[in-house]
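A quick write-up on the structure given underneath.
The values are calculated or read from the model by the stated rules, or taken from the named source; none is laboratory data. For clarity, every value in this text was computed on a predicted model and none was experimentally measured. Using ideal geometry, Cβ is built from the backbone for each residue, glycine included, and neighbour counts are taken over all protein chains shown. Note: areas computed on protein heavy atoms with side chains; ligands, DNA, RNA excluded. Shrake-Rupley method; radii C 1.70, N 1.55, O 1.52, S 1.80 Å.
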Amino acid sequence: MIATLSMGCTLGEKAAILRFIEGHGLRLHVGEAGAVTVVSIIGDPEPGIGESIAALPGVESVSLDAPRYPFVAREARTEPSTVKVRDVVIGGKGVVVIAGPCSVESEDQLLTIARSVAKEGAVLLRGGAFKPRTSPYSFQGMGERGLELLAVARAETGLGVVSEVVAPEDIPLMNGHVDMLQVGSRNMQNFRLLSAVGEQPNPVLLKRGLMSTIEEMLLAAEYIVGAGNPRVVLCERGIRSFETSTRGTLDISAVPVLKERSHLPVIVDPSHAAGKRSLVPSLSAAGVAAGADGLLIEVHDRPDEALSDGPQSLTLEGFTATMETVAKIAGALDRPLIRL
Ligand code: PEP
Ligand code: MN
């Protein structure tokens, strides 16, 4: 149920309306759609309650439609939201580049890459310590040691760090070392994990499930924000399609669609969509051109020896060239690349 308040609704009337709804055991979310206040009513309303709410002073109308994702819907806020990761604001005027290896492999590897991407204008460092791999025989990540190395790289470069969380019980350990928790594609509908990252304070990078619709992604984000954590960034990373030339099909339309339906920032991961290094510059440019607030790019100093996702990882030189292209596209849209 959704109640729209009248333009002339006083603060006292609004408070009484909210009290009435909560008094009936219902949860609510108050949003702004332009100058109008919209109250999404969540829960199982008893029969007739809609009429009672409609009769309250200050209520303009009541619709019986169930709000699908009241916390993340565009109508929930007057302005799009921004998410701060350390000093970096995602979702503001500037475009943010997050870069680094697929997996943390060694101190030398991570520091070489971190120094290089920082110099070229990345403002956050990515690197997996717990890797969700398709095969149980593939490298599974360095675990806690990988997190420690991310913290070392952060101390040296000043880059905030992003790393994937695969299990709720790892969250306290991860939060001791990282600044943003990534929920990966394979876990986008791991609802226990979504609730768990919603109940902790660090920002969350939510990647689209490789076989998930945009609606399912927004509902996944709703789990996190509804559980109490508003700091969520959505990431389009390619979906499965009949096309086999690329690892995924980058759903470029998802960027403007997500922006239309939600207030959350949206970034694009060209690396997992492409699966192939040579395509990453084009997909990066396309993501920014479509209105993404940032990019998540895999970079490796020796991609041929990488323990995961080498074929799609840019070389250090490739990253430099990609940043030049991306800066031009962002500039053309009057959205400068954010620098530290
Ligand atoms: C990754 O970022 O390395 C990763 C595993 O991504 P995804 O979950 O999108 O496959
Ligand atoms: Mn990867």
task: Test Val152 against the criterion of being in a helix (DSSP H, G or I), among the hydrophobic types (A, V, I, L, M, F, W, C) and open to solvent by 10 Å² or more (accessible area, probe 1.4 Å), and give yes or no.
output: yes
- prompt: Pick from the stretch 221-250 the residues that are assigned to a loop (DSSP other than H, G, I, E, B), more than 16 Å from ligand 2 (Cβ to nearest atom) and in contact (Cβ under 8 Å) with a residue 40 or more places away in the chain: which of them is surrounded by the most Cβ atoms within 10 Å (Cβ to Cβ)?
  reply: Arg231
field: Any chance Asp304 is within 16 Å of ligand 2 (Cβ to nearest atom) and open to solvent by 20 Å² or more (accessible area, probe 1.4 Å)
entry: yes
query: When the residues of the stretch 158-179 are filtered to those that are touching a Pro at 6+ places or on another chain (Cβ under 9 Å) and away from ligand 1 (no atom under 12 Å from the Cβ), which remaining residue is farthest from Val255 (Cα to Cα)?
result: Asn175
From Leu218, Leu173, Leu258, residue being in a helix (DSSP H, G or I), surrounded by fewer than 19 Cβ atoms within 10 Å (Cβ to Cβ) and aliphatic (A, V, I, L, M): Leu173
query: Does Leu340 qualify as being within 14 Å of Ala122 (Cβ to Cβ) and assigned to a loop (DSSP other than H, G, I, E, B)?
result: yes
task: Residue by residue through the stretch 321-331, note down the ones that are open to solvent by 40 Å² or more (accessible area, probe 1.4 Å) and either in contact with a Leu (Cβ under 6 Å, 6 or more places away or on another chain) or touching a residue at least 12 places away in the same chain (Cβ under 8 Å) (or both).
output: Ala321, Thr325, Ile329
- prompt: Hey, Glu298 hits all of (1) closer than 20 Å to Ala114 by Cβ; (2) among the acidic types (Asp, Glu); (3) open to solvent by 40 Å² or more (accessible area, probe 1.4 Å) but one; which does it fall short on?
  reply: (3)
message: Just to check your reading of the model, which residue among Arg115, Arg126 is at pLDDT 95 or above, within 13 Å of ligand 1 (Cβ to nearest atom) and charged (D, E, K, R)?
response: Arg126
